[in-house]
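**Q** After the structure tokens below, expect a handful of questions from me.
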Amino acid sequence: MASSYDDIPDFGLLYDSVPLYAARQDVGFYLEEAKRAPGGGNVLEVGCGTGRVLLPIARAGIPITGIDDSRQMLERCRAKLPGGPGGGERVTLAQHDMRHFDLGERFALIIAPFRVVQHLTTIDDQLQFLATVSRHLAPGGRGRLIFDVFNPRFDVLVSADGVERQDTPEQRLPDGRTLRRTYRIARVRWVDQVSEAELVYYVDGKRYVQAFEMRWYLAAELRNLLARAGFRVNAMYGDFARGPLVDGCPELVVTAESLSA
């Protein structure tokens, strides 16, 4: 699975400069869950990016491994580690495809924050990912998988018209360049439950397009998918404050355990 992030120069810097990402409410949730990991066990973050979730967990004294398929994102994360790229005794970073990795250890908690699972657009990809996760969870039901996806708003999907809309007003980057960003849904593939999305970065007026596909799920579908892969759902929340799963809630936040680990 090639990373679209690495097609854009300085993408880690651009990503970290988007206010919408910094304002997300998920960091506290995942940090609390990491603190609850059995025996203070180690944590694996799938799709760790530039460390938005990983670094707060590491600062809390919890050993954590982060994997991502983007070289640029990992380089940006590594540069933020205590003491620089070679620092961070509690942090291990590695480049891997989320569907196929073998880290040679098991984890008390595996997390996939910020809709990472929505990049798995086919059932085969989803099942491969879940099988790989299961092999890396602590045995005997002592390990958990936690991830989130957005709760699809069908009114938004139906009204997708391919028009660019701004989500990041023009701002100045630390190096003096300007950045603004727009987004658009180019196409909705209803049968596949996939949105073809584009994030468009304008850096000093030059246009860079990050095109990717997002698979959207319904709650019942996730329960069936996890059961098929040998997982039991422990809880499903509608937001990061652990609110109930109701019509109109913004998120589907899932905690599950593998029955075969």
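**Q** Check whether at least one residue in the stretch 166-173 is in contact with a Phe, Trp or Tyr (Cβ under 7 Å, 6 or more places away or on another chain) and more than 30 Å from residue 142 (Cβ to Cβ), and report yes or no.
**A** Scanning the stretch 166-173, I find at least one residue that is in contact with a Phe, Trp or Tyr (Cβ under 7 Å, 6 or more places away or on another chain) and more than 30 Å from residue 142 (Cβ to Cβ), so the answer is yes.
**Q** Closer than 24 Å to residue 174 by Cβ, hydrophobic (A, V, I, L, M, F, W, C) and either open to solvent by 50 Å² or more (accessible area, probe 1.4 Å) or out of contact with any strand residue (DSSP E or B) (no Cβ under 6 Å at 6 or more places or on another chain) (or both): is that true of residue 60 in this structure?
**A** no
**Q** Within the stretch 23-31, does at least one residue satisfy the condition of being farther than 30 Å from residue 207 by Cβ and without any contact (Cβ under 8 Å) to a residue 60 or more places away in the chain?
**A** yes
**Q** When you go through 45, 105 one by one, which is the residue that is of a type in the set (Asp, Glu) and open to solvent by 50 Å² or more (accessible area, probe 1.4 Å)?
**A** Just a single option satisfies the conditions, and that option is 105.
**Q** Of everything in the stretch 1-23, what is charged (D, E, K, R), at pLDDT below 95 and open to solvent by 60 Å² or more (accessible area, probe 1.4 Å)? Give them in sequence order.
**A** 7
**Q** Quick one: which strands (runs of 3 or more DSSP E) lie wholly within the stretch 150-261 and hold at least 1 residues that are open to solvent by less than 50 Å² (accessible area, probe 1.4 Å) and closer than 27 Å to residue 133 by Cα?
**A** 194-203, 206-215, 231-237, 251-258
**Q** Of the numbered conditions (1) aromatic (Phe, Trp, Tyr); (2) more than 14 Å from residue 112 (Cα to Cα); (3) at pLDDT 95 or above, residue 29 satisfies every one except a single condition; which is it?
**A** Every listed condition holds for residue 29 apart from (2).
**Q** Let me ask something additional. From the residues in the stretch 191-207 that are within 23 Å of the chain's Cα centre (by Cα) and not polar (S, T, N, Q), which one is farthest from residue 3 (Cα to Cα)?
**A** 192
**Q** Which residue out of 76, 71, 144 is closer than 26 Å to residue 245 by Cβ and open to solvent by 10 Å² or more (accessible area, probe 1.4 Å)?
**A** 144
**Q** Moving on to the next point. Which condition breaks for residue 93 when tested against (1) within 25 Å of residue 215 (Cβ to Cβ); (2) aliphatic (A, V, I, L, M); (3) in contact with a strand residue (DSSP E or B) (Cβ under 6 Å, 6 or more places away or on another chain); (4) open to solvent by 20 Å² or more (accessible area, probe 1.4 Å)?
**A** Only one criterion in (1) within 25 Å of residue 215 (Cβ to Cβ); (2) aliphatic (A, V, I, L, M); (3) in contact with a strand residue (DSSP E or B) (Cβ under 6 Å, 6 or more places away or on another chain); (4) open to solvent by 20 Å² or more (accessible area, probe 1.4 Å) is unmet by residue 93, namely (1).
**Q** Quick check, is residue 95 more than 27 Å from residue 16 (Cα to Cα) and over 14 Å from the mean Cα position of the chain (by Cα)?
**A** So residue 95 fails the test.
**Q** Take the residues of the stretch 38-62 that are in contact with a Ser or Thr (Cβ under 8 Å, 6 or more places away or on another chain) and of a type outside the set (Asp, Glu): which is nearest to residue 118 (Cα to Cα)?
**A** In this case the residue turns out to be 49.
**Q** Is the stretch 80-87 home to any residue that is crowded, with 18+ Cβ neighbours inside 10 Å, touching a Ser or Thr at 6+ places or on another chain (Cβ under 8 Å), closer than 21 Å to residue 132 by Cβ and not hydrophobic (A, V, I, L, M, F, W, C)?
**A** No, because not a single residue in the stretch 80-87 is crowded, with 18+ Cβ neighbours inside 10 Å, touching a Ser or Thr at 6+ places or on another chain (Cβ under 8 Å), closer than 21 Å to residue 132 by Cβ and not hydrophobic (A, V, I, L, M, F, W, C).
**Q** Also: Return yes or no: is residue 65 open to solvent by less than 40 Å² (accessible area, probe 1.4 Å) and either under 21 Å from residue 13 (Cα atoms) or modelled with pLDDT of 95 or more (or both)?
**A** Criteria met by residue 65.
The values are calculated or read from the model by the stated rules, or taken from the named source; none is laboratory data. Small disclaimer: the values here were computed from a predicted structure and weren't measured. For neighbour counting, all protein chains shown are included, and Cβ atoms are generated from backbone atoms with ideal geometry for every residue, glycine included. Accessible surface is based on the protein model in full, side chains and every heavy atom, while ligands, DNA and RNA are left aside. Shrake-Rupley method; radii C 1.70, N 1.55, O 1.52, S 1.80 Å.
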